[in-house]
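Visitor: I have a structure I would like to understand better, so I am pasting it below and will then ask my questions one at a time.
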Amino acid sequence: MFRTTLLKRSGLGLLLTTSLLSGCSLHQQGLDTLSAPQLTKLDRQGSPDAMRMLDQFGNQRFNPLFDLGAWHGFLQPSKVSEYGTFNGPMIIAEEYGLYLASQLEKLQIVDTTSGKAYRYEDAIVRLDEQDGHLQQHYQWSDLTLILTLDFVTPRTALVSTQLVNKQDKPRNLQLHWQGQLLTDWQKDQAVSDQYPSWQRRLSVNPKEVNIALGAQRSTWNMMLSGASRYQIRRSVNAQSQVHGELAYQAETSLSLAGNQQQTLYTSHSYVHDEQEWQTEEVRLNQVFDAPQQAIKQSRERWQAYRNLGLRTDSLLPASLAEKAMQTLLGNWRGHAGALKHDVVTPSVTARWFNGAWAWDSWKHAAAMAHFAPQVAKDNILAMFDYQVQSTDSLRPHDAGMVIDAIFYNKDGQRGGDGGNWNERNTKPPLASWAVWELYQATADKTLIEQLYPKLVAYHQWWYKNRDHNQNGLAEYGATAHPLHNDSQGNIRFDIKPQADSTLAKGIHATCQGKADGWYQCAGADLYEQVLTSGQYLELDIGAQHGAGWESGMDNAARFGFINQEQLQAYAQTHYQGDIKQARQDWQVRFFENHSADGQLLGFSIDQESVELNAYLAMEKDLLAKMASLLGLTAQAGQWQQQSQQLAQKVNQCFFDTQSGFYYDRQIGLTEQDDSGCGGKLLTARGRGPEGWSPLWAGIADQRRADQVAKVMLSTSEFNSHIPLGTAALSNPAYHPDIYWRGRVWLDQWYFGVMALDKYGYHNQARELALRLINNADGLLEEGAIRENYHPLSGAVQGASNFSWSAAHLYLMYRQLAKQD
């Protein structure tokens with residue numbers, strides 16, 4: 001995990017980039033590249049000039065280095081004028097990443113005897129990234145400056161400033177630091193315009209610069225407690241002064257004997273509140289008592305990641321695995337606020353993703369089990385900290401469920417003021433897979449003892465709350481929640497009726513008017529009238545979103561999501577343009593699930609989902625293994641029998657012999673097919689990655705697997721430039737730019753590649769794996785690992801520095817070996 005940039009200034013100068021694993025490339029400053037083998041590394045350079053610098057996908061630009069669960073990170077300078085410091089920092093204001101400064105500790109050096117000022121444009125410069133730390137080397141003819149940044153606690157980075165006198169004679173140097181907070185919120189908008197009352201205050205003393213960040217509770221942009229602070233502490237005294245409210249200067253003098261060196265230390269700490277500060281102050285004192293020991297421990301930690309995580313016989317390059325490991329470790333956040341354990345968030349740079357989601361966490365843990373097992377364990381425990389209990393004050397009827405998303409702040413229902421906390425749904429049942437992967441990596445039996453009963457409760461919740469007809473096949477759905485139902489438990493929906501229609505008259509009389517011709521309605525009977533009449537322009541159902549989120553495939557075609565243009569084309573192809581008839585293939589209904597005493601438990605969508613039940617069959621098998629490990633022989637036998645029975649049912653009820661693929665099954669209708677399962681397969685909504693889930697779960701027979709593989713490998717279905725997208729090219733709702741209806745997500749790609757490999761398609765699996773890593777923009781270069789990729793061009797899409805993409809690249813690296 002090594003990256004070097006060497007810049008020698010002479011005229012236009014030369015820029016040399018090297019990697020221990022990936023070769024080197026030579027660039028001439030301001031001219032075309034001369035020779036450029038690409039690097040599988042992260043570009044850590046960046047020049048933030050506003051607190052929020054969002055790209056077209058809502059990501060903060062640049063890729064700061066975060067480590068050890070810290071909530072702040074740093075960049076390398078990208079311009080000569082920025083040399084002499086690490087840029088930033090970016091801080092996580094509880095839930096949102098914001099740049100606090102462009103540069104907060106820029107160093108200038110003057111020889112007080114000769115009056116010589118050391119200009120960075122005159123130096124030979126090398127910028128390095130090595131195993132979790134950043135380094136800058138500046139070489140003048142008579143002086144060397146080395147700046148190194150290591151994270152030494154979960155709230156502190158330590159900067160080492162090493163000065164080497166290259167002359168025989170002693171010299172006196174003056175060191176001058178300066179920094180200023182950013183004054184722009186985003187391009188062309190001042191912070192004072194966005195938040196006129198927000199206060200930031202700098203104060204200094206001989207060893208410290210303290211930045212107090214005033215309270216700001218902006219739910220969707222920035223959340224600060226009023227006790228948040230950022231502190232710079234030095235190992236030497238300095239004369240310091242504040243300029244205005246947002247800038248400071250500090251200077252000190254030191255003497256260097258001939259051919260001698262001296263190292264100063266500066267800590268950069270960011271905390272959310274006073275309690276965190278009290279803890280951090282103790283740790284800081286220990287760091288300054290033995291700074292080299294703190295740095296040594298950080299370096300040893302990263303060496304341990306390498307020793308555990310890298311192998312020699314993988315199909316994928318080790319440098320890509322390193323990038324994946326760096327991405328996951330960079331998204332690690334130490335416990336804070338409502339987060340009781342450390343978590344690995346989806347993305348530190350994506351605007352909405354500084355929290356923890358359930359199936360994201362299972363995926364992160366499955367990968368990190370192999371190089372950072374304690375972080376993996378904490379990530380799992382963090383989600384189970386909020387497993388719903390039967391004594392819960394809000395939703396005791398959901399006992400056993402693991403909620404969808406947890407953040408620093410709880411939501412209003414839980415007494416907080418956060419907007420990202422989510423209890424509207426759970427996520428697919430991959431928790432046991434992650435726990436078993438962690439056990440296999442660590443042989444930690446106490447982990448199984450601790451989590452087995454929790455996993456059982458979660459597993460059983462599906463059959464209690466998401467199996468409407470109690471036939472042993474579960475549905476995705478949505479919890480009882482104000483965004484899904486009214487206070488009487490009636491399902492909510494928003495509708496834009498056709499003007500002057502019969503339906504519109506009833507809607508006007510019974511529903512609440514909203515803007516732009518929309519109405520908010522409630523009630524299953526009214527909802528059924530809407531679907532039957534077809535007299536509406538648009539329809540939006542909160543529970544439909546909840547069910548899509550619960551699947552993790554938010555707006556997938558199989559849940560009835562299709563845009564108007566696509567629906568028109570579908571109607572023209574199948575129903576001579578009859579929109580009303582076409583809509584019937586895409587309408588979704590919901591069942592109210594009730595307890596024995598009539599309490600609303602939540603809602604099920606009117607379809608049993610193939611991958612949900614494939615995952616549950618796999619989970620039963622894993623629970624059998626855990627029960628056997630714990631000596632629970634009878635339970636192990638029961639789980640194994642149930643797994644086999646469910647696997648058989650999945651193959652019976654979800655496979656379509658005509659098209660050779662697995663689909664969800666719509667239930668609650670009078671029509672039947674010849675499977676004996678009730679309802680009908682949703683073949684009209686096209687094919688998606690759910691169709692290869694029985695192969696990844698290992699429950700498909702070879703005959704069915706062969707037919708699925710044929711579809712997966714067809715160039716008119718899933719075998720595109722970037723293969724295995726979230727909708728087949730033939731899907732009526734396919735679009736390469738739509739989140740879960742065309743884009744390539746690396747979890748589904750991984751499930752597909754490993755599914756093929758599991759059923760004997762070894763060469764094809766390797767081909768699809770290599771196709772992605774070679775065709776996805778930036779993956780084998782210095783670009784960040786992304787949330788998803790364009791299936792036809794390979795262009796990056798979605799969040800940058802995305803954890804589950806990194807997790808599945810890493811798992812592929814571990815599990816797909818080179819052929820002999």
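Read-outs: derived from the displayed coordinates by stated rules, not from any lab. Bear in mind the structure is a predicted one, so any value in this text is a computation, not a measurement. Here the Cβ is made from the backbone with ideal geometry for all residues, glycine too, and neighbour counts use every protein chain on show.
Visitor: Taking +1 at the Cβ of each Lys and Arg and -1 at the Cβ of each Asp and Glu, which of Tyr615, Gly637, Phe603 sits farthest along the dipole of the stretch 566-667 towards its positive end, judged by Cα position relative to the Cα centre?
Guide: Checked the options; the winner is Gly637.
Visitor: Name the residue from Ile667, Pro732, Thr683 whose Cα lies farthest towards the positive end of the charge dipole of the stretch 625-761, charges +1 on Cβ of Lys and Arg and -1 on Cβ of Asp and Glu.
Guide: Positive-most Cα among the choices belongs to Ile667.
Visitor: Assuming R0 = 25 Å, what is the FRET efficiency of Arg201 and Lys79, from their Cβ-Cβ distance, to the nearest 0.05? Write down the numbers at each step before the final one.
Guide: Details: r = 29 Å, r/R0 = 1.16.
Here the calculated transfer efficiency is 0.30.
Visitor: Before anything else, pin down the relative contact order of the chain: Cα pairs under 8 Å, at least 6 apart, normalised by residue count, whole percent.
Guide: Values: 1875 pairs, mean separation 85.6, N = 820.
Relative contact order of the chain: 10 percent.
Visitor: So what are the ³J(HN,Hα) numbers for the stretch 341-355, from phi and the Karplus equation (6.51, -1.76, 1.60; θ = phi - 60°), rounded to whole Hz, Gly and Pro as x?
Guide: These are the phi-based 3J(HN,Hα) values: 10, 4, 10, 10, 7, x, 6, 6, 9, 7, 4, 9, 10, 9, x Hz.
Visitor: Just from the alpha-carbon atoms, what are the Rg and Dmax of the stretch 418-492 in angstroms?
Guide: 16.1, 49
Visitor: Right, another one. With a 10 Å radius around each residue's Cβ, average the other Cβ atoms per peptide and rank 520-529, 89-98, 284-293, highest first. Walk me through the numbers before you get to the answer.
Guide: Values: 520-529: 16.3, 89-98: 24.5, 284-293: 14.4.
Result, highest mean first: 89-98, 520-529, 284-293.
Visitor: Oh, and also: If the chain between Asp193 and Thr446 were fully stretched, how many nm would it gain, using 0.36 nm times the residue separation less the Cα-Cα distance? Working shown, then result.
Guide: Values: separation 253, 0.36 × 253 = 91.08 nm, distance 5.38 nm.
Value of the extension gain: 85.7 nm.
Visitor: While we're looking at this one, here's another question. Along the Cα→Cβ direction, 7 angstrom out, place labels at Asp122 and Gln278. What is the inter-label distance in nm?
Guide: 5.2 nm
Visitor: Let me ask something else. Could you tally the net charge around Leu601, taking each other residue with its Cβ under 12 Å from the Cβ of Leu601, Lys/Arg +1 and Asp/Glu -1?
Guide: Working: positive: Arg395, Lys464, Arg466; negative: Asp398, Asp467, Glu592, Asp597.
Local net charge: -1.
Visitor: Rounding to the nearest 20 debye, state how big the charge dipole of the stretch 492-593 is about its Cα centre with +1 on each Lys and Arg Cβ and -1 on each Asp and Glu Cβ.
Guide: Working: 8 positive and 13 negative charges, 27 e Å.
Charge dipole of the stretch 492-593: 120 debye, to the nearest 20.
Visitor: Looking at the square roots a ≥ b ≥ c of the eigenvalues of the Cα gyration tensor of the stretch 45-307, which shape do they give, rounded for a/c under 1.5, prolate if a/b is larger than b/c, or oblate?
Guide: Working: a/c = 1.62, a/b = 1.47, b/c = 1.10.
Prolate.
Visitor: Please list the non-local residues whose amide H lies under 5 Å from the amide H of Trp198, H modeled 1.01 Å from N, same-chain partners needing a gap of 5 or more.
Guide: When sequence neighbours closer than 5 places are left aside, there are no close amide H contacts.
Visitor: In nm, give the distance between the simple-model label positions of Asp737 and Asp168, each being 7 Å from the Cα along the Cα-to-Cβ direction.
Guide: 7.0 nm
Visitor: Towards the positive end of the charge dipole of the stretch 229-299, with charges on Cβ (+1 Lys, Arg; -1 Asp, Glu), say which of Leu246, Phe288, Gln231 has the farthest Cα.
Guide: Phe288
Visitor: Also, I was wondering about something else. Tell me the Kirkwood hydrodynamic radius of the stretch 279-364 in angstroms, computed as one over the mean inverse distance between distinct C-alpha pairs.
Guide: Working: mean 1/r = 0.0650 Å⁻¹.
By the Kirkwood definition, the hydrodynamic radius is 15.4 Å.
Visitor: Mind jotting down the three principal axis lengths of the stretch 590-737 based on Cα atoms? Whole angstrom, largest first.
Guide: 49, 39, 33
Visitor: Given axes a ≥ b ≥ c from the Cα gyration tensor, I'd like to know whether the stretch 593-643 is rounded (a/c under 1.5), prolate (a/b larger than b/c) or oblate.
Guide: Numbers: a/c = 3.82, a/b = 1.77, b/c = 2.15.
Oblate shape, in that a/c is at least 1.5 and b/c is the bigger or equal ratio.
Visitor: Shifting gears a bit: Once you place label points 7 Å from the Cα toward the Cβ at Gln297 and Gln645, how far apart are they in nm?
Guide: Going from the Gln297 label point to the Gln645 one covers 5.3 nm.
Visitor: Which value, in nm² and rounded to one decimal, describes the direction-averaged projected area of the C-alpha convex hull of the stretch 149-199?
Guide: On the way: hull surface 28.7 nm².
Hull-based average projected area comes out at 7.2 nm².
Visitor: Still on this structure, please answer the following. Give me the orientation-averaged projected area of the Cα convex hull of the chain, in nm², one decimal. Each step should come with its number before you reach the end.
Guide: Numbers: hull surface 150.7 nm².
Averaged projected hull area, Cα only: 37.7 nm².
Visitor: Over the alpha-carbon set of the stretch 355-498, work out the extent along each principal axis and list the three values in angstrom, largest first.
Guide: Dimensions of the stretch 355-498 along the principal axes of its Cα atoms: 58, 39, 35 Å.
Visitor: Karplus couplings for the stretch 453-466 from phi (6.51 cos²θ - 1.76 cosθ + 1.60, θ = phi - 60°), rounded to Hz, Gly and Pro as x?
Guide: For the stretch 453-466, the Karplus-derived couplings read x, 5, 5, 4, 4, 5, 4, 5, 4, 4, 7, 7, 10, 9 Hz, x marking Gly and Pro.
Visitor: Sort 225-237, 65-77, 553-565 by the packing proxy (mean of other Cβ within 10 Å over each peptide's residues), most packed first.
Guide: On the way: 225-237: 18.8, 65-77: 24.5, 553-565: 21.2.
Answer by packing, highest mean first, reads 65-77, 553-565, 225-237.
Visitor: For helix 291-309, what angle does its Cα long axis make with the longest principal axis of the chain, in degrees from 0 to 90 and rounded to 10?
Guide: So the helix axis and the longest Cα principal axis differ by about 40 degrees.
Visitor: Rounded, prolate or oblate: which fits the stretch 662-769, taking a ≥ b ≥ c as square roots of the Cα gyration tensor eigenvalues, rounded meaning a/c under 1.5, else prolate when a/b beats b/c? Before the final figure, lay out the partial values.
Guide: On the way: a/c = 2.32, a/b = 1.32, b/c = 1.75.
Taking the square roots of the gyration eigenvalues as a ≥ b ≥ c, the stretch 662-769 is oblate.
Visitor: In a shell of Cβ-Cβ distance under 15 Å around Ala238, excluding Ala238 itself, what net charge do Lys and Arg (+1) and Asp and Glu (-1) give?
Guide: On the way: positive: Lys106, Lys207, Arg233, Arg234; negative: Glu105, Glu208, Glu251.
Computed value for this residue: +1.
Visitor: I would also like to ask the following. Take the Cα pairs of the stretch 228-326, get the Kirkwood Rh, then feed it into Stokes-Einstein at 20 °C and 1.002 mPa s and tell me D in µm²/s.
Guide: Values: Rh = 17.6 Å.
Reported coefficient: 122 µm²/s.
Visitor: Another question, then. Kirkwood Rh over Cα pairs of the stretch 492-593 into Stokes-Einstein at 37 °C, 0.692 mPa s: D in µm²/s?
Guide: 229 µm²/s
Visitor: From the phi of every residue in the stretch 45-55, what ³J(HN,Hα) in whole Hz does the Karplus formula 6.51 cos²θ - 1.76 cosθ + 1.60 yield, where θ is phi - 60° and glycine or proline is x?
Guide: 7, x, 10, x, 10, 8, 5, 10, 10, 8, 8
Visitor: Also: Quote to one decimal, in nm, the extra length available between Glu208 and Gln587 on full extension: 0.36 nm per residue of separation minus the C-alpha distance between them. All intermediate terms of the calculation are to be shown ahead of the outcome.
Guide: Values: separation 379, 0.36 × 379 = 136.44 nm, distance 6.25 nm.
The Glu208-Gln587 span can extend by a further 130.2 nm.
Visitor: Let me ask something else. Only Cα pairs under 8 Å and at least 6 apart count here; give the relative contact order of the stretch 674-753 as a rounded whole percent. Please report the intermediate quantities before stating the final value.
Guide: Numbers: 89 pairs, mean separation 24.1, N = 80.
Normalised by residue count, the contact order of the stretch 674-753 is 30 percent.
Visitor: Where nothing but the Cβ of Lys and Arg (+1) and of Asp and Glu (-1) is charged, how large is the charge dipole of the chain around its Cα centre, in debye to the nearest 20? Intermediate values should be presented prior to the final figure.
Guide: Details: 71 positive and 86 negative charges, 343 e Å.
The dipole magnitude comes to about 1640 debye.
Visitor: A further question on this structure: Find how many whole Å separate the alpha carbon centroid of the stretch 370-429 from the alpha carbon centroid of the stretch 121-149.
Guide: 44 Å
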